[in-house]
1. Which of the trypsin sites (Lys or Arg not before Pro) found in region 381-430 are in a DSSP loop and have at most 10 neighbouring Cβ atoms, other than their own, within 10 Å?
2. Roughly how tilted is helix 374-383, in degrees to the nearest 10 and between 0 and 90, from the longest Cα axis of the chain?
3. When ranked by the protection proxy of mean other Cβ atoms within 10 Å per residue, highest first, what sequence do the peptides 270-277, 355-362 form?
4. Kirkwood hydrodynamic radius of the chain from all distinct Cα pairs, in Å?
5. Counting other beta carbons within 10 Å of each residue's own, what order do 89, 10 fall into, fewest first?
6. Along region 291-305, what does the Karplus equation 6.51 cos²θ - 1.76 cosθ + 1.60 (θ = phi - 60°) give for ³J(HN,Hα), rounded to whole Hz, x for Gly and Pro?
7. Do me a favour and compute the ellipsoid semi-axes for region 173-294 from its Cα gyration tensor, root of five times each eigenvalue, largest one first, whole Å.
8. Using the Karplus curve 6.51 cos²θ - 1.76 cosθ + 1.60 with θ = phi - 60°, what ³J(HN,Hα) values do you get for each residue of region 138-145, in whole Hz, with x for Gly and Pro?
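Readers should treat all values here as calculations from the given coordinates under stated rules, not as data from a laboratory. Owing to the predicted nature of the structure, the values given are computational and were not obtained by experimental measurement. Cβ placement follows ideal geometry from the backbone for every residue including glycine, while neighbour counts extend to all protein chains displayed.
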Amino acid sequence: MLLRHTHTDIKERKALTVNPAKTCQPIGAMYAALGIHGCLPHSHGSQGCCAYHRSTLTRHYREPVMAATSSFTEGSSVFGGQANLIQAIDNIFTTYDPDIIAVHTTCLSETIGDDVQQISDKAGKDGKIPDGKFVIHASTPSYVGSHVTGFSNMTKAMVMQFARSSGTPNGKYNIIPGFVEPSDMTEIKRVVRAMGIDPILFPDTSNVLNGPQTGRYKMFPDGGVTREELESAGDSAGTIALGPLASADAARALDTSLKVPCQIQDLPIGLSATDRFIDSLRKAAGVSVPDSITRERGQLLDIITDMHQYFYGRKVALAGDPDHLIPLVEFLVSLDMIPVHIVTGTPGKNFEKRILEITRDLPCKVNVKVGGDMFLLHQWIKNEPVDLLIANTYGKYMARDDDIPFVRYGFPILDRVGHSYFPTVCYTGGIRLLEKILDAILERLDRDAPEEKFELVL
Ligand code: SF4
């Protein structure tokens, strides 16, 4: 939808969302389930929900995303979906032979009140779950929360279902990476290993949703955390949960049930948040930061100092997920940029407070809204224009309408590639983020420069 008719007169809206800055809970649950090796996500609801969720993930990752559905009809909507789910479990294990089926609910099955635990217990008693195979489930009604909540609920479900304490420490650390790209998960594992820590990372969609083209289709790709690793998570020395909304629930559940101590941290986006992540890894491993990581930090710092003049004083509008936006806004402020308009559609208690803390020394008022939408963001932009917009693909309409340099960031990105392959977390990811921001800003400077100021060297 082109937005040139968005008006500047902002009215308080309580019961109307226009162009939400979030998507469905089950999409996050489906994404998390794909991060378990040999797992088939299953949508307990109508075919329409499943088709929408699969197609959004397929378009973002440009990989064929597989998921099954209970295919509710009018009958199941009235009498409940038990028969459909039991039949589906039987069909899936017989036909596709996954190791694990991860069931998530939808608005419809939640409204009916289907008890998925009871249904999967019955499927087990009826002999529909073969030996050595598993059905896990998460409750993901889309009329509360967002895709981030769904990711969190499924991540908690996988750890609660599988983690055990054998009494023998495994010498590892659990890392919960949050709702980030497969490339980010690879990068987080690389950095954790470089710090001398052996990680169990869950979920892990690297090599699942960014695998190579081999000419051969694999329904269950090589990547993903294994069931054995999830079981062993109960014997780890600790858990680092990256992103309070997407990862904290699973980490706290593991802490409470199996006494695996947890730390909740921001995603390592930008310099300061990565410093905090590295520092906690350093303490956990009892080692000094290796030269390779110090060098990467120095490279990021080098770009910041080299290009500071192009960041300084530029106003930015952002839409996205809270776990991304908090460290991202902190990073922009550290570059002397001015994030002025910030919205997220994902509900959460501390978001506005954290953003206002991070931006408290900026020389202007900052607009921030939790439960906001893209329409409100556009109205803010029309009232106070910005030099840069950072948002998912849906931001392109605002960028076009108001001729704003635009960096695609977050979920979903439906019209560009690269996000699955190149990380934006940790120090090297920070370099890529800066490259994207600078490309957008410098392209605009070049485009608008009068001939006498059109410089070869910037
Ligand atoms: S909002 Fe609910 S009904 Fe609509 S696609 Fe999402 S889960 Fe399905």
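1. Passing sites in region 381-430 are 416.
2. 10 degrees
3. On the way: 270-277: 20.6, 355-362: 15.4.
Order by mean packing, descending: 270-277, 355-362.
4. After inverting the mean inverse Cα-Cα distance, the result is 23.0 Å.
5. Numbers: 89 25, 10 13.
Result, fewest neighbours first: 10, 89.
6. Result, rounded to whole Hz: 4, 4, 6, 4, 5, 4, 4, x, 5, 4, 4, 4, 5, 4, 6.
7. Its equivalent ellipsoid spans semi-axes of 24, 19, 13 Å.
8. 9, 8, 9, x, 7, 7, 10, x
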